[in-house]
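The values are calculated or read from the model by the stated rules, or taken from the named source; none is laboratory data. Just so it is clear, the structure is predicted and the values come from calculations on it, not from any experiment. FYI the Cβ positions are ideal-geometry reconstructions off the backbone, even for glycines, and counts take in every protein chain you see.
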Amino acid sequence: MALEYSEDAFEMAKQNKDINLMVLLAWSLCLAYLPTGLYRKIIDLVPDVVDLLEKTGKVSELFSMPMPPYTVLCSYWGVSMGFCGDFDEGKILLEKALRNASEANSLFALGLAELLSGQFFATRGNWEASLGHFQNSIKYFDETQWTWVAAIARIFLGYACSMLGDPETGRKHAGKGIEIQRNSGVEIHLAVANYLAGLIHMELQDLKNARSFTQEALRLSEKNNEKATQGRAWISLGRILGQEEPPQTHKAEECIEKGMEILQDLKATALYSPGYLYLGELYLNAGETEKATKNLEKAENMFKEMRMGYWLDKTQEVEKGL
């Protein structure tokens, strides 16, 4: 109800060309949309506000906010474009955000833009770039003493370290970040934190803890309506079940497909496309070559279209086993 009220108020502000109210409502709506996975709503909402800020020369104004709204809105818009598979446009928007934050000399804005840029590159599989952005984000948030947000960046840093071949360092970063976040009393983003910890423990071949973290991510994401994290966690749980001894192939298939369905409903193309790769791996290990081929071909085509090189390489490596 409150969200619908804010959306109606935004449309009224837009009709009245009330830039101050548009900025305020767009910011608050993006804060609500991003955790719930409503990326398409961000993509539909933000361009009008960003365009208005650019045309009126108000990209550096604070509008009584702690950081320039232009930076915030471009950051949310850019990372949402990445989640939905448009990495070219997303990269341009995030570069705008970082440039604006730097020109405004706002550490808060720089921390946020770096954090979302890191998530953008991690989604694409560009781990080196994501690592650098997460390190920068931690530095800026530590300087501003925005500790609980720095903790989120630290957990993502652990994930990037893990995917770059150092899961033990990744585990340490993530563990520290989760501890800080739990002590902060801020529950939002804890689902993401547990989801990432599960991925890190998968890289450590620690399926027991991977499953525990992933199930906690599911519990929290369902409780707090964090749909995108819920979808990704179901996919992760499916991967874990498929790797356990003995593998629970049918349950794994159901979990992966359930997660993909949630993310498809959100139109988060870059987030659900790895599901086809994981289904292909699952079917290949189960000796179901025809199903494996179908899903791996689907994954390959999607990764080519979105130019997700890391994921394309992983898919083609699995296809060698056909």
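Things to note:
- Of the numbered criteria (1) in contact with a helix residue (DSSP H, G or I) (Cβ under 8 Å, 6 or more places away or on another chain); (2) surrounded by 12 or more Cβ atoms within 10 Å (Cβ to Cβ), the one T56 fails is (2).
- Here L31 meets each of (1) at pLDDT below 95; (2) farther than 30 Å from N126 by Cα with one exception, condition (2).
- Looking only at residues in region 120-154 that are under 17 Å from the mean Cα position of the chain (by Cα) and surrounded by fewer than 20 Cβ atoms within 10 Å (Cβ to Cβ), the one that is farthest from G85 (Cα to Cα) is Q135.
- Identity of the residue in region 164-197, assigned to a loop (DSSP other than H, G, I, E, B) and touching a residue at least 24 places away in the same chain (Cβ under 8 Å), that ends up surrounded by the most Cβ atoms within 10 Å (Cβ to Cβ): H189
Here is a yes/no grid of residues against (1) over 23 Å from I188 (Cα atoms); (2) crowded, with 23+ Cβ neighbours inside 10 Å; (3) at pLDDT below 95:
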site	(1), (2), (3)
L3	no, no, yes
F10	yes, no, yes
I19	yes, no, yes
P66	no, no, yes
L73	no, yes, no
S80	no, yes, no
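- Residue within region 262-271 that is charged (D, E, K, R), surrounded by 19 or more Cβ atoms within 10 Å (Cβ to Cβ) and either in contact with an Asp or Glu (Cβ under 9 Å, 6 or more places away or on another chain) or over 19 Å from A151 (Cα atoms) (or both) present: no
- Any hit, region 89-107, residues being touching a Lys or Arg at 6+ places or on another chain (Cβ under 7 Å), of a type outside the set (D, E) and either assigned to a helix (DSSP H, G or I) or in contact (Cβ under 8 Å) with a residue 60 or more places away in the chain (or both): no
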